[in-house]
1. In sequence order, what are the phi-derived ³J(HN,Hα) couplings for the stretch 269-275 according to the Karplus relation 6.51 cos²θ - 1.76 cosθ + 1.60 with θ = phi - 60°, rounded to whole Hz, with x for glycine and proline?
2. Any idea which of 354, 291, 314 is furthest toward the positive side of the dipole for the stretch 237-395, if Lys and Arg beta-carbons carry +1 and Asp and Glu beta-carbons -1?
3. Which angle between 0 and 90 degrees, to the nearest 10, do you get for helix 368-377 versus the longest principal axis of the chain when only C-alpha atoms count?
4. Tell me, what ³J(HN,Hα) does each residue in the stretch 169-181 have, in order and in whole Hz, if you take phi through Karplus 6.51 cos²θ - 1.76 cosθ + 1.60 with θ = phi - 60° and put x for Gly and Pro?
5. Would you please report the Å³ per residue occupied by the convex hull of the alpha carbon atoms in the stretch 237-395?
6. Reported to two decimal places, what Rg/Rh ratio describes the stretch 133-227 when computed on Cα atoms with Rh from the Kirkwood expression?
7. Whole-Hz Karplus ³J(HN,Hα) for the stretch 393-405, in order, using 6.51 cos²θ - 1.76 cosθ + 1.60 and θ = phi - 60°, x for Gly and Pro?
8. Please list, by residue number, everything in the stretch 52-88 whose backbone N is under 15 Å from a paramagnetic label point 7 Å out along Cα→Cβ of residue 119.
Amino acid sequence: MTFVHDGIEQIREQQPTQPTQQAQPTRDLAALLAALRANAAQRDRDGGHAAQEKQWIADAGLLTLAVPREFGGAGARWSAIYEVVRELARVDSALAHLLGFTCLQVVSIDLWGNPRQRERYLRGTVEQRWWWGNAVNPLDTRLVATATPDGGYLLDGQKGFCSGTRGSQMMTVSAHDAATGKTVFAAVPTTRDGIAVHDDWNPIGQRQTDSGSVSFTRVRIEPHELLERPDTPYASLRTLISQLVLTNLFVGLAQGALEEARAYVNEHGRPWLSSGVARATDDPYLIQRFGEMHLQTVAAEALATRAAHALDDAWQQGPSLDAETRARVALATSEAKIVAHRAALDLGEKLFDACGARATHAPLALDRFWRNARVHTLHDPLDYRVRDVGRYALCGTLPEVSLYT
């Protein structure tokens, strides 16, 4: 596999060159993707924690993509980071999710941390090769923060959907301060006393995203670990960064389904008995089906790339970013996510229309593309995104800032 896009070439040039004791899969991105693809179906069936594969990703230097260069990271553009997420999602959307969410927690520190915190946590990510997890689900208010006299907090309760936390070294946390009604944010080591990461993630798809629940029992948060979330358009880009992680997962899933369908038909395809052709690849209906599938992936990738470039432009403006520009990035993000959402689900199903009954052989796990897409596309209702786009199309109203836009 050869990568010719500027974004990936930029990242490959910026990867660390220190020696590694890992095997060949970690030496370059193409080899990493091949290694992940080789056992993706088996790992999907097994579920659990992909420790070895996560080590390969770390050894490939991908954990530092979103870390600014001033702290030793790659300082890659968002468009380039999302291209890597898409490439990973083609072969393994669970591990693409983990990488994307590590980048999301890194940017949380970059946006919400003070200079000392940015130095400590961002440079630590580079030097220690930290995986980041999170317990920041904003809709889960079971985790309670109680203030302590020294300006810190004690956390008690639980959070669900804590993607990436199992096997991570650091995590971001949000909790509800009942005394003030405010949300408290912090960065803490995952192994801190009182934190229990549960192995209770068992969905039909995305089975290795380590997205189980986390319990907190009198977990100490030091004052210097507290993060301050500014109420500015620039700081709120974090929401759009997270939504574009999911968007590019969907694009990669659609592309991966198309690639698997193409490979299967070329190797195993049989023409239908009334097709009048000797080879499946000459069947006009099958050719049309692949043409339609291709168009869906091209459209999804194009809109995702357009949204990523809009984010790049907004990101470069820094704290001076205005609300309207931010809203236009939100609109582009929703447009891309809607099309990618539909493409991932459609191609996960159309794969079987193209490949036929024998493609349902369970060990092939070709249904993983649809299952992975179905789990992730339930993240937030599509109807409300279409509503936002419709409001703009009809009335020129841009999306408002929310937990998902």
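1. x, 10, x, 5, 4, 9, 6
2. It is 354.
3. That works out to roughly 40 degrees.
4. These are the phi-based 3J(HN,Hα) values: 9, 10, 8, 9, 9, 10, 9, 9, 8, 5, 5, 10, x Hz.
5. Working: hull volume 19.3 nm³, N = 159.
Dividing the Cα hull volume of the stretch 237-395 by its residues yields 121 Å³.
6. On the way: Rg = 12.9 Å, Rh = 13.2 Å.
Rounded to two decimals, Rg/Rh equals 0.97.
7. 4, 8, 10, x, 8, 7, x, 8, 5, 8, 5, 10, 9
8. Hits in the stretch 52-88 for residue 119 at 15 Å: 70-72.
Where a number appears in this text, it was derived from the coordinates with a stated rule and is not lab data. All figures in this text were calculated on a predicted structure; none of them were measured in a lab. Glycine also receives a Cβ, built like all others from the backbone with ideal geometry; neighbour counts cover every protein chain displayed.
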